[in-house]
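Values quoted throughout were computed directly from the atomic coordinates according to the rules given, and no laboratory measurement underlies them. As the structure is a computational prediction, the values presented were derived from the model and not from experiment. Cβ placement follows ideal geometry from the backbone for every residue including glycine, while neighbour counts extend to all protein chains displayed.
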Amino acid sequence: MQKPIVKWAGGKMKLVPRILEALPPGHRLVEPFCGGCAVSLNADYPQYVLNDMNFALIFMYRQLMRHGDTFISSAKDYYAPARNTRKEFETIRAEFNIAGDDSDPERFLYLNRHCFNGLWRVNKSGSFNVPYGKYKAPYFPEKEMQYFRKKFNGHDVLDNQDFEDLFSTLLQGDVVYADPPYLPLSETADFTGYTPGGFTVESQKTLAACAAQARANGIPVIVSNHDTPLAREIYGGANKIDSFPVRRTISAKGSSRREVKEILAHYLP
């Protein structure tokens, strides 16, 4: 199993075998919400499209693909022990927020691996606001970065489109795995802050409509989400819905990392 470069809320490492089993064969795997890319990294398709609305994430991937060892070396400099302090973290976070998403992808990777739980969250103004993670020795993912380069070398696979726009570009032979920000398990558990504006219930409904239209066009789509009554209502037009337990790992306390149920909604031609 190949691990992602970044730590990412909702990452699919533990579910990769189940998801790969659900995905039908095809020529190109398309991920509208690629995040850490755990599925594509472990899939076997001739081509890939890795799309995400988090521009800082996609920009980091692009810089890695374009500049390779040079980027890896400069990113590694941020992992010096002297930079693993709350003060240094807050300074780099402030610099990142002032400079913008496309200014320094090395900062992005530093913040992802040094922040609390690897949680990437932005406020309404678009500023990253997750606190320092207090890790003794944050892991530098050099091996994962090299594999990412090798896996996707020679393919123009990275995109930063709205998922609706991406669905409009699908081709025959595509297979879509959609892993959107999940519907909340409760009214107090909402988390959609990967990008400014979040991902609303209406966004979920639009995604379901896109999946149904792709199916009508002969393109299979698999969608992940929490198993809630609302999710089953929104994605009820799928051919079938699989449900299974998953242990959550994003909570601050180990005792809160309980099992919850997720679904895979199959939209198959």
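Quick notes on this structure:
- Diffusion constant of the chain at 10 °C, which comes from Stokes-Einstein with the Kirkwood Cα-pair radius and 1.306 mPa s, µm²/s: 83
- Size of charge dipole - the chain - debye, nearest 20, with Cβ of Lys, Arg +1 and Asp, Glu -1, no other charges: 1140
- Percent of beta bridges antiparallel (DSSP, the chain, rounded to nearest 5): 55
- Residues Leu268 and Asp44, FRET efficiency given R0 of 22 Å [Cβ-Cβ distance, rounded to 0.05]: 0.70
- Amide proton proximity set for Tyr48, modelled H, under 5 Å, gap of 5+: Leu29
- When each of Lys3/Lys124; Lys7/Lys136; Lys14/Lys124; Lys87/Lys124 is checked by Cα-Cα distance, pairs over 21 Å: Lys3/Lys124; Lys14/Lys124; Lys87/Lys124
- Theoretical gain in end-to-end length, Lys205 to Met13 [0.36 nm per residue, Cα-Cα removed]: 66.5 nm
- Hull volume in cubic angstrom per residue (convex hull over the Cα atoms of region 60-145): 90
- Once the Cβ-Cβ distance of Lys136 and Asn217 is raised to the sixth power relative to R0 = 30 Å, the FRET efficiency obtained is 0.05.
- Region 60-145, relative contact order [Cα under 8 Å, separation at least 6], %: 32
- Note on region 60-145: with charges restricted to the Cβ of Lys and Arg (+1) and Asp and Glu (-1), its dipole about the Cα centre is near 380 debye.
- Placing unit charges on the Cβ atoms of the charged side chains and taking the dipole of region 60-145 about its Cα centre, the candidate lying farthest along the positive direction among Tyr110, Thr70, Thr85 is Thr85.
- Rounded tilt (10° steps) of 142-152 against the dominant C-alpha axis of the chain: 40
- Cα gyration tensor shape for region 10-99, rounded if a/c is under 1.5, else prolate or oblate: prolate
- Separation in nanometres of the label points that stand 7 Å from Cα toward Cβ, at Glu90 and Asp69: 3.9
- The stretch between Lys240 and Asn117, if pulled fully straight at 0.36 nm per residue, gains 40.9 nm over its current Cα-Cα span.
- Relative contact order computed over the chain (Cα-Cα under 8 Å; 6+ residues apart), in percent: 20
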